[in-house]
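Notes for the one structure printed next.
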Amino acid sequence: MFEAFLDGLAGMGSPAVIGAIVLGTTLGVLFGVIPGLGSVIAMTLILPFTFGWDPIIAMYVFAGIIGTASTGGGVPAILLNTPGTIANVCTTFDGFPMTRRGEGGRAIGLAATASALGTLFSIIVLAALLPLAEVMLRAFTPPDFFWLIILGLIAVTFASRQNMAKGLAAGGVGILIALIGFSPVFGVRRYTLGSEYLWDGIEIVPLVIGFFALSELIVYTSRGGSIARDASVNLGGFKQIMRGAVEVFQYKAILLRGSVIGTVIGAIPGAGGAVANFLSYSTAKQASKTPELFGTGYPGGVVASESSNDAKDGGILLPTLTFGIPGNGEMVILMGAFVLHGIQPGRDLLVNRLDIVWAIILGVIAAQVLTTIIILGGGAWLARISLVPVKYIAPFVAILSFIGVYAVRSNIWDVALAVFAAIVGFSMRRAGFPLITAVIGFVLGQLAEEKFTQSLQISGGGYSIFFTRPVSIVLLLAILFMLGWSMYKAAKKNPAPQAAES
């Protein structure tokens, strides 16, 4: 483990690695600053272009995006009262009031430094837990992984902010999409509708580009105008920015609490930066001796928000790298990158491809440092990007999407699939179905089928293998508890008519 770390550290001096980190960081910052885009769309667009690259170089690019988008999203939240990503919502509560009184630069300094320190904390925790995760993986067999995947899928569904029934339905649709194509295990064609194109199944690149990037463009173009509304930007000068950067250390308790909350919440599939953001802010307000200051331009509120939404990066990488369970949209695209480059997350990754693991870890750290420098130096200019009219942004992103989809396999039907996925994704957005849950269902559905068939091959076709191993029993009980608890909460929230009348 330590030797792989030293090798990764030595390799960061390579021009190709430096270029990859700069590219990923630039994309992450730009897509984070533009409200509504964020890291998922940035990773989605660059994904097909990494086909054929050295896997390590590709991972540095993705690490650069992962470690920067939330930090970039804090800039329009502070200066324009428009959060760049959903994980920056709480930043507007105190960041924008600071801008209105001429302290926007101070708020940017607070946000950028808190984000960097939160990320560093979570990455250190991730690196410390990797040896333990390797030991845990040795105790897992295919039936254990099957139940773990089911548990992860249910956790993501329950954690979605939309209606739970719609979350379950979206996850089920994703699983059904994963079953399309020829099954080598059962020797049958499933849901191909007589099309030879569907024999190989649905490719993840056109699916995610259609679901995330193109459907988002449909939303923007139907709305028109610019992504963010205009606002007077009161930055306050570079000295004020540096004042905010230093002032973070006056709020050590809030910073540490936000970093811990972000790391822990990030490790829970489906929770992500938005949950960590609200929980950290509300906890800081409750623990404060002067809670009435929160929401009035209090610097501690900015620290609480920004430290947590970036600390989630290390936490959310843990289940993805160790068990192959993506907890949010970023990790879904990262899993797609693994598939594209022939990398298997889990035991094989931690034992045989530690260079990939350390490329992601070191890439996130380097990108966060670079992002902090960029934000501190040009935050006000970056915020103006979100004022660019949609009619200029949409064609550029659409053309880039189509080129990327076609470049992977040079198949025009992949482009048609992306367009169809965009229409389906837009319809699902309008109906309130979570797209991320659908795509996670697609990714985990493939893994679940693989582990299910492997288990049956080991047992010679006997299903008892799923209910006899100690680890499988524990995971199954956790699933039943989660389902039972959700049903109990639903019944408590909506009592039966007879009980309500009495």
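The values are calculated or read from the model by the stated rules, or taken from the named source; none is laboratory data. Keep in mind that what you see is a predicted model, and the values were worked out from it rather than measured. Cβ placement follows ideal geometry from the backbone for every residue including glycine, while neighbour counts extend to all protein chains displayed. For the accessible areas, the whole protein counts, side chains as well, though only heavy atoms, and no ligand, DNA or RNA atoms are used. Shrake-Rupley method; radii C 1.70, N 1.55, O 1.52, S 1.80 Å.
Computed from the mean reciprocal separation of all distinct C-alpha pairs, what Kirkwood hydrodynamic radius does segment 32-118 have, in Å? Could you put the intermediate results ahead of the total?
Values: mean 1/r = 0.0735 Å⁻¹.
Evaluated on segment 32-118, it is 13.6 Å.
Using only helices, what value at 222 nm comes out for the chain when you add -39,500 (n - 2.57) per DSSP H run of length 4 or more and divide by the total residues, to the nearest 500 deg cm²/dmol?
That calculation yields -23500 deg cm²/dmol at 222 nm.
Once Lys and Arg get +1 and Asp and Glu get -1 on their Cβ, which of 30, 349, 242 lies farthest toward the positive end of the dipole of the chain?
242
Does a label point 7 Å from the Cα of residue 186, set along Cα-to-beta-carbon, have any residues of segment 414-456 with amide nitrogen under 16 Å, and which are they?
Within reach of a label on residue 186: 445-456.
For residue 176 and residue 410 in one chain, what is 0.36 nm times their gap in residues minus the Cα-Cα distance, to one decimal in nm?
So the extension gain works out to 81.7 nm.
Using only Cα atoms, tell me the angle between helix 252-266 and the longest principal axis of the chain; keep it within 0 to 90° and round to the nearest 10.
Tilt relative to the chain: about 20 degrees.
Once you charge only the Cβ atoms, +1 for Lys and Arg and -1 for Asp and Glu, what is the size of the charge dipole of the chain about its Cα centre, to the nearest 20 debye?
1280 debye
Measure up 239/289; 166/391; 285/492; 252/285; 166/492 against 22 Å on the Cα-Cα distance and list the ones that go over. Could you put the intermediate results ahead of the total?
On the way: 239/289 29 Å; 166/391 32 Å; 285/492 28 Å; 252/285 15 Å; 166/492 20 Å.
Table pairs above 22 Å Cα-Cα are 239/289; 166/391; 285/492.
Tell me the accessible surface of residue 242 in square angstrom (1.4 angstrom probe, heavy atoms of protein chains only), to the nearest ten.
Counting only protein heavy atoms, residue 242 exposes about 80 Å² to solvent.
Please report, as a whole percent, how much of the solvent-accessible surface of segment 301-425 comes from carbon and sulfur atoms (probe radius 1.4 Å). Display every interim value, and only then the final one.
Values: 3000 of 4050 Å².
Of all accessible area on segment 301-425, carbon and sulfur atoms account for 74 percent.
List the residues of segment 294-335 whose backbone N lies under 14 Å from a point placed 7 Å from the Cα of residue 478 along the Cα-to-Cβ direction.
The answer is 318-320, 322-327.
Over the chain, average the accessible area per residue using a 1.4 Å probe and give it in Å², no decimals.
That works out to 41 Å² per residue.
Multiply the residue gap between residue 420 and residue 293 by 0.36 nm, knock off their C-alpha separation, and tell me the result in nm, one decimal place.
40.8 nm
Taking every pair of alpha-carbon atoms in the chain, what share in percent sits in each 20 Å bin, from 0 to the bin with the longest distance?
23, 56, 20, 1
Starting from 0 in steps of 5 Å, tell me what percent of the Cα-Cα pairs of segment 68-133 lands in each bin.
4, 19, 25, 19, 12, 8, 6, 4, 2, 0
Given points 7 Å out from each Cα along the Cα-Cβ axis, report the residue 471 to residue 399 separation in nanometres with one decimal.
That separation, rounded to one decimal, is 5.0 nm.
So how much slack lies between residue 239 and residue 101, counting 0.36 nm per residue of separation and subtracting their Cα-Cα distance, in nm?
48.1 nm
Would you tell me the accessible area of residue 292, worked out with a 1.4 angstrom probe on the heavy atoms of the protein chains, in Å² to the nearest 10?
In the full protein context, residue 292 sits at about 120 Å².
Evaluate the distance, in nm, between pseudo-label points positioned 7 Å from the Cα of residue 164 and of residue 488 along their respective Cα→Cβ axes.
Once both label points are built, they end up 1.2 nm from each other.
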